[in-house]
Each structure stands twice: as structure tokens, then as C-alpha cells.
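What follows is a single structure, written as C-alpha cells, with notes after it.
The values are calculated or read from the model by the stated rules, or taken from the named source; none is laboratory data. These numbers were taken from a predicted model, which means no experiment stands behind them. Virtual Cβ from ideal backbone geometry, glycine too; neighbours counted across all protein chains shown.
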Amino acid sequence: MSAADLPRQFDERALETLAGFTGAVALHRERGPERATACCATFFKLYVKCESPIESRMAAFLAAACSIAHDFAPDAQVDLEGHRCDFVLYLDGIPRIVVDCDGHDFHERTKEQAARDRRIDRKLSVAGLIVARFTGHEIWRMDINSMLNEIFALMKRAKRPEGEKE
């Protein structure tokens, strides 16, 4: 994929995302060029499906996490249980983790929006999925190590056998 294949122009937020992504790739350099290449390929696969700047930044974090934890495969804009999920992480081909990026304009600005999101979370949880919502503020403010720690904690939980406590 080349820069010409990207669906939109880079804006200031996209450049911030790219800076975060560059940090993610730097984590892999010491592990070998194939790891960095896999991280880049995963990022661009997700990036072209992103619908907002906060999703683009989260795509960088998820690409980094999944290139370290090889048993998870991410996808973006996935329909599950009647909800369009921003990101889904698959373990052995089975959807296990939903990551939604909540911008202020569409989430928790009103009581109705907050109630809708809680209903969606319950429905996904009943279906056996782990649901993680991150606000735009969190996504822009967290450094890559903090975000990776959050994602790895979700992955660890997703690998536990049902009923097993932490």
C-alpha cells in the first residue's frame, strides 16, 4: 500500500497518530524488521477503515499490541450483535474483545447516548465478548506504553478459561 492508497489527506491529528505509530514501530525494531513490517501492515489494514482521528490513533496502538501478541488479530468496523464495533480482536478466529472509541459528540453527551452505549455493552457481554470503551481524551492523552498495558490486560483476560478468576 502506498500513500496514494490512503482514503483521506493527513491532517494535524493524523500526523499525531503517525507519531504515535512511529513509536509503536520503534518498539519492534529491536525484535527484527519482520516484526516492524507486520506492525505496519496491520496498521494500514486498520487505518483505511477508520472513521475518525481517535480511531486512527487507536489503530496504531492495536497494531503494535497485536504484532507483539501474535495470537490476536484485529479488524475494524465490524458488525457484531447488531452493533458496529470500531475494533474487534480475534483469538483463534473467534471475536473476543471489542474496542470502541467514544468521541464526546456521539457518546455520553446526553443521557440517551449513555443509556444506548450501556445497552450495547450488556448485549456484547452476554454474547461472551470483553468490551472496552476509551474516550477520545484517553486516546489522545495516553502514551503508547500505558495504552499497550491496558490492551495487554484485556488480551490476558480474553485468554483465561471461562469462570477462572484473575
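Keeping to region 126-157, report how many residues are in contact with a strand residue (DSSP E or B) (Cβ under 6 Å, 6 or more places away or on another chain) and closer than 14 Å to Glu81 by Cβ.
3
Give the residues of region 70-86 that are assigned to a strand (DSSP E or B), touching a residue at least 40 places away in the same chain (Cβ under 8 Å) and touching a Leu at 6+ places or on another chain (Cβ under 6 Å), sorted by residue number.
Phe72
Within region 81-96, does at least one residue satisfy the condition of being among the aliphatic types (A, V, I, L, M), at pLDDT below 95 and closer than 22 Å to Val48 by Cβ?
no
Within region 79-90, can one find any residue that is over 25 Å from His137 (Cα atoms), in contact with a strand residue (DSSP E or B) (Cβ under 7 Å, 6 or more places away or on another chain) and not polar (S, T, N, Q)?
yes
Does at least one position in region 100-116 carry a residue that is in contact with a Lys or Arg (Cβ under 6 Å, 6 or more places away or on another chain) and either closer than 24 Å to Lys156 by Cβ or surrounded by 15 or more Cβ atoms within 10 Å (Cβ to Cβ) (or both)?
yes
Kindly establish whether Ala3 is modelled with pLDDT under 70 and more than 17 Å from the chain's Cα centre (by Cα).
When the stated conditions are applied, Ala3 passes them.
In the set Ser67, Ser125, which member is of a type in the set (S, T, N, Q) and either over 30 Å from Thr37 (Cβ atoms) or part of a strand (DSSP E or B) (or both)? Spell out the reasoning first.
Working: Ser67 fails: either over 30 Å from Thr37 (Cβ atoms) or part of a strand (DSSP E or B) (or both).
Testing whether each residue is of a type in the set (S, T, N, Q) and either over 30 Å from Thr37 (Cβ atoms) or part of a strand (DSSP E or B) (or both) leaves just Ser125.
Quick one: how many residues across region 48-78 are of a type in the set (Val, Ile, Thr) and in contact with a strand residue (DSSP E or B) (Cβ under 8 Å, 6 or more places away or on another chain)?
Going through region 48-78 one residue at a time, the tally reaches 2.
I want to confirm something. Restricting to region 64-80 and keeping residues that are at pLDDT below 90 and crowded, with 22+ Cβ neighbours inside 10 Å, which single residue is farthest from Asp102 (Cα to Cα)?
For region 64-80, the residue satisfying everything is Ser67.
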